[in-house]
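Contents: one structure, followed by commentary.
The values are calculated or read from the model by the stated rules, or taken from the named source; none is laboratory data. Everything numeric here is computed off the predicted structure, so don't read it as measured data. When we count neighbours, we look across all protein chains shown, and the Cβ atoms used for this are built from the backbone with ideal geometry, even at glycine. In case anyone asks, the SASA skips ligands and DNA or RNA and just uses the protein heavy atoms, side chains included. Shrake-Rupley method; radii C 1.70, N 1.55, O 1.52, S 1.80 Å.
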Amino acid sequence: MSDKHEVTQTENGAVRGGKKAALKNHCKRFWWLHLIIFLCISAAVICIVIFVGVKNIAQAKINDADLRIQSVNILNSEPNKFLMEINSTISTDGTVKADIDPFVGNLTLRDIPDAKPFVQLNFPKTNANKFQTVNISQTVEISDMEAFAQFNKYFFQNETLRVAIDGKTKVQPAGLSKKYDVDFHKVVTFKGLNKLNGTTLTDMKIKIGTAESGIPNFNATATITNPSYYTIDLGNATFNNYADNQLLGNLTIQNFIMRPGANVVPVSAILDQTIIISAASKKPYCETGKIAVELLATDVKQGSGEITWLRDALASANQTVELSLAETFKAAGLSDFKATCSS
């Protein structure tokens with residue numbers, strides 16, 4: 001048998017040296033390729049930051065901005081249009097400087113499902129400063145009367161309501177030439193008219209007897225409390241009055257611009273006084289000494305134009321005014337009149 005010798009040659013040291021040399025040669029020959037790859041990756045990262053990151057930052061800043069409305073004026077009311085003035089402020093953290101393009105904002109009542117926009121407003125160019133005033137004055141054409149009437153009725157009847165403002169605009173951060181598309185979405189909660197509850201009548205003057213045609217037999221001073229920050233030009237408003245579930249007559253307020261807070265205005269009415277006199281002997285009025293008069297709008301005019309969107313809002317729910325029977329009889333010159341409950 002012949003002896004065979006297996007010899008294993010280890011060349012680890014030599015191989016490592018060969019790879020390093022090959023890598024050095026590769027880098028010397030193809031350094032330019034690695035530089036191009038590095039620049040391409042860097043450019044891609046920068047593009048992602050610019051086109052995605054900056055856009056997301058801009059949208060986040062829009063989302064975090066605080067919109068506050070100080071006052072709204074509804075003036076020069078006409079059948080299909082009105083002047084709308086809004087005084088508001090926008091606050092941000094001020095960390096990003098940017099210009100925001102003007103845009104069209106759609107106002108939608110949030111408290112009713114699937115409500116449609118009731119007004120479109122042109123918002124001016126603004127910026128992302130820490131605090132700024134944003135005022136709007138615009139003649140609004142009523143394009144969707146149904147949606148607008150829905151808002152007006154809800155505004156008249158309720159204590160509070162929510163309105164969403166939605167629009168699409170562009171933001172240009174300082175130092176960049178590119179503008180980025182962003183969505184503007186804010187929900188504002190504010191006080192409604194709450195059916196003008198708390199209205200009172202003082203300084204009543206009542207003429208006993210049947211009223212002559214078109215000549216009021218009732219005059220008083222009304223204090224009408226507007227809990228909202230809306231100023232509304234109501235023009236000449238006429239209301240049917242009901243007491244003891246009967247039509248009492250109608251009351252008129254002339255040239256009425258309702259402002260926030262207490263509005264003290266003269267009112268006049270043509271009333272059937274016999275209804276109050278007969279009701280005074282009925283329960284519960286004879287027990288409480290008070291009677292509720294409910295007002296429901298029948299007419300709102302500016303000049304000769306009928307403003308149906310205001311009339312329909314004021315006619316959507318009764319406005320209740322509580323009268324003292326003693327004060328009412330005193331105003332009619334019947335100070336000694338004592339109401340007693342009939343059996």
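Worth pointing out:
- Amide H contacts of PHE256: LEU234, GLY235, ASN236, ALA237, each under 5 Å away and 5 or more positions distant or on a separate chain (H built 1.01 Å from N in the peptide plane; Pro and chain starts excluded).
- Net +/- balance of residues flanking GLN132 in space, Cβ distance below 14 Å, scoring K and R +1, D and E -1: +2
- The lysines within cross-link reach of LYS282, meaning a Cα-to-Cα straight distance under 30 Å and a gap of 8 or more places when in the same chain, are LYS195, LYS205, LYS207, LYS290, LYS330, LYS338.
- Net charge, LEU247 excluded, C-beta distance under 12 Å - Lys, Arg +1, Asp, Glu -1: -3
- Rounded to the nearest 20 debye, dipole of segment 196-332 from Cβ charges on Lys, Arg, Asp, Glu: 220
- Base-10 log of normalised Debye intensity for segment 226-313 (one unit scatterer per alpha-carbon) at q = 0.15, 0.23, 0.26 Å⁻¹: -0.67, -1.10, -1.24
- For segment 63-192, lysine pairs separated by 8 or more sequence positions, or belonging to different chains, with Cα-Cα distances below 21 Å total 28.
- Distance (nanometres) between label positions extended 7 Å along Cα→Cβ at ILE257 and GLN120: 2.9
- With a Förster radius of 56 Å applied to the beta-carbon distance between GLU141 and GLN246, the computed FRET efficiency rounds to 0.85.
- In order along segment 309-314, the phi-based Karplus estimate (6.51 cos²θ - 1.76 cosθ + 1.60, θ = phi - 60°) of 3J(HN,Hα) comes to 5, 7, 4, 5, 5, 6 Hz; Gly and Pro are listed as x.
- On full extension, the segment bounded by ASP64 and ASN158 gains 31.0 nm, given 0.36 nm per residue less the C-alpha separation.
- Cα→Cβ-extended label distance, 7 Å offset, between THR308 and VAL134, nm: 3.3
- Of PRO79, ILE142, ILE69, farthest towards positive along the dipole that unit charges on Lys, Arg, Asp, Glu beta carbons give segment 63-192: ILE69
- Candidate residues GLU294, GLU146: accessible-area rank, largest first, probe 1.4 Å: GLU146, GLU294
- Whole-Å distance, taken between Cα centres, linking segment 55-129 and segment 167-182: 17
- One chain, two ends: GLU85 and THR288. Fully extended at 0.36 nm per residue, the span grows by 68.6 nm beyond their Cα-Cα distance.
- Using the Cβ-Cβ distance between THR320 and VAL104 with R0 set to 35 Å, the FRET efficiency works out to roughly 0.30.
- Potential lengthening between ASN76 and SER342 on full extension [0.36 nm per residue; Cα-Cα distance subtracted]: 90.6 nm
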